[in-house]
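*Asks:* Below you'll find the structure I mean.
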Amino acid sequence: MHLRAIIQTICLISFILLILLGGATITGPLPPDLWLRLDPLVSVINPITTRQWLPPLFGGLVILVLTVALGRFFCGYMCPLGTTFDLARRGVSHKRSQRQTNDPALPRRWWKYGFLAAITAAACLAMPAVFLAAPVAWAIRMYALLLYPLVLLAGVLGIRLAAPLSDLLGLGELTYLTPTIPQYAWQLALAACVLALIGSVALSPRFWSRYLCPAGALMGLLSRRPLFRRKVSAACIQCGTCAKKCPMGAIDSDPYQTLHSECITCNTCVRACPEAAITFGHDPMVPPPALPLDRTARRFLLAAGLSGVGYAALSLTRLGHLHGSTGPGQVVPTRLLRPPGALPEADFLTHCIRCGLCYQVCPTNTLQPLGLNIGLSGLYTPRVLPRRGACEPGCIACGEVCPTDALRTLPLDEKQWAKIGTARI
């Protein structure tokens, strides 16, 4: 196992352990939302949306600073979503996953920059859209809200099937292990999105990172000429193996040229080179190529930015938009219950990044994601659904795991008296 695989394994295991063991009763030296704090997209876009800086998001800025020197190393080594795609790629036919061109001037490379422009434009109007594409948030939804319940369900079914064998072995106590399986609204929609993301590796080994990830676009803007980058020596025989193996298509037909804004420093080309002509280091002599910013690309980016403005404008003027105060013309859903410690509604909507951590740590499964019934501005934000279960008086887990302080961490005595709604009989 090479160094990159070791680092990816450690990062993915730590990511899974933090989100699964960061519940109401298990604490540790590392915060459960550590990986969200390291997401560069969240660290940049969320302060724009909320109009304030949150100290916990400092880690993402550190990643961006290191990107200037090391390139898009976060994509290649640390991102849990990227590692998941690498694992999924192993189950896809190699020939099928290589059906793409490595042309650096390919127009669809601008998709992720357009996505970034749209999210940034919406954020400037205080309309949160970062949850649509933050890679770490998607990884949390995938593992915590989808795979974790499925694993529990498989465990329960396995215990029931093995019950006769347990009695024969004198382990009848195992039949009493019946963990509660959490259920979430919009789970089928989430499953469809996850399957689409995983299935994209059949089109390209890193389709999301190549063409769609706005976090990758943000890091690509800062890594056009990193200090630590790919170098090719005179021993190169121009066999084209490195270009075929590159998961990001960052190598053109000329093996000496590298599109560094696309390179994730995975060292795949180094291991594939039959002449050992490729290394990574400082190379001030070779000017790196860049994506051609022609008239078509500029028009596309402008249209993407305007679409973000339109998304925000339509959301903010919709009748069902959630406002933070009552009064003439204000619509406040009477049955909407936010978790204890939630900010006032208008502030809550701009702070919440819909990561799903609060759903996963809720011991009674009463926290559920909202749908479209109250507008785009409230999509996938947490609500208390009393019919699923009561809000546990001695639990403050949701506030402890929220990375953006949309849910404040309340002292236990204050939380027990916090009012989240009025019961009507």
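The values are calculated or read from the model by the stated rules, or taken from the named source; none is laboratory data. A quick note: this is a predicted structure, and the numbers were derived from the prediction, not measured. Cβ: placed from backbone, ideal geometry, glycine included. Neighbour counts: every protein chain shown.
*Asks:* Since residue 200 meets every condition but one in (1) among the small types (Gly, Ala, Ser); (2) within 16 Å of residue 108 (Cα to Cα); (3) assigned to a loop (DSSP other than H, G, I, E, B); (4) modelled with pLDDT of 85 or more, which condition does it not meet?
*Replies:* All conditions pass for residue 200, except number (3).
*Asks:* Of the residues in segment 2-19, how many are hydrophobic (A, V, I, L, M, F, W, C) and more than 15 Å from residue 87 (Cβ to Cβ)?
*Replies:* The qualifying residues number 4.
*Asks:* For segment 357-425, give me every one of the helices (runs of 4 or more DSSP H) that falls completely inside it and has 1 or more residues that are touching a residue at least 60 places away in the same chain (Cβ under 8 Å) and of a type in the set (Ser, Thr, Tyr). Reasoning before the result, please.
*Replies:* Working: elements: 357-361, 397-401, 412-415.
In segment 357-425, the matching helices (runs of 4 or more DSSP H) lie at 357-361.
*Asks:* Out of 383, 354, 338, which single residue is of a type in the set (D, E, K, R), modelled with pLDDT of 90 or more and closer than 14 Å to residue 128 by Cβ?
*Replies:* Numbers: 383 fails: closer than 14 Å to residue 128 by Cβ; 338 fails: closer than 14 Å to residue 128 by Cβ.
None of the other options fit; the residue is 354.
*Asks:* Here's a follow-up. Residue 210 is checked against (1) in a loop (DSSP other than H, G, I, E, B); (2) charged (D, E, K, R); (3) crowded, with 24+ Cβ neighbours inside 10 Å and fails just one. What number does that condition carry?
*Replies:* Every listed condition holds for residue 210 apart from (1).
*Asks:* Say we look at segment 304-335 and pick out the residues that are part of a helix (DSSP H, G or I) and buried (at least 19 other Cβ atoms within 10 Å of the Cβ); which of these is modelled with the lowest pLDDT?
*Replies:* 315
*Asks:* So in segment 215-246, with the set limited to residues that are without any contact (Cβ under 8 Å) to a residue 60 or more places away in the chain and in a loop (DSSP other than H, G, I, E, B), which one is nearest to residue 204 (Cα to Cα)?
*Replies:* Restricting to residues being without any contact (Cβ under 8 Å) to a residue 60 or more places away in the chain and in a loop (DSSP other than H, G, I, E, B), the top hit is 240.
*Asks:* Here is a further query. Would you mind finding the one in 36, 17 that is surrounded by fewer than 17 Cβ atoms within 10 Å (Cβ to Cβ), within 17 Å of the chain's Cα centre (by Cα), modelled with pLDDT under 95 and part of a helix (DSSP H, G or I)?
*Replies:* So the residue among 36, 17 that is surrounded by fewer than 17 Cβ atoms within 10 Å (Cβ to Cβ), within 17 Å of the chain's Cα centre (by Cα), modelled with pLDDT under 95 and part of a helix (DSSP H, G or I) is 17.
*Asks:* For segment 49-60, give me each residue that is surrounded by fewer than 16 Cβ atoms within 10 Å (Cβ to Cβ) and either part of a loop (DSSP other than H, G, I, E, B) or modelled with pLDDT of 95 or more (or both). Working first, answer last.
*Replies:* Going residue by residue through segment 49-60, those that are surrounded by fewer than 16 Cβ atoms within 10 Å (Cβ to Cβ) are 51-53, 55, 58.
Those that are surrounded by fewer than 16 Cβ atoms within 10 Å (Cβ to Cβ) and either part of a loop (DSSP other than H, G, I, E, B) or modelled with pLDDT of 95 or more (or both): 51, 52, 53.
*Asks:* A further question on this structure: Go through the residues of segment 164-184 one by one and say whether even a single one is at pLDDT 90 or above, over 26 Å from residue 293 (Cα atoms), loosely packed, with under 13 Cβ neighbours inside 10 Å and out of contact with any Ser or Thr (no Cβ under 7 Å at 6 or more places or on another chain).
*Replies:* Yes, the conditions are met somewhere in segment 164-184.
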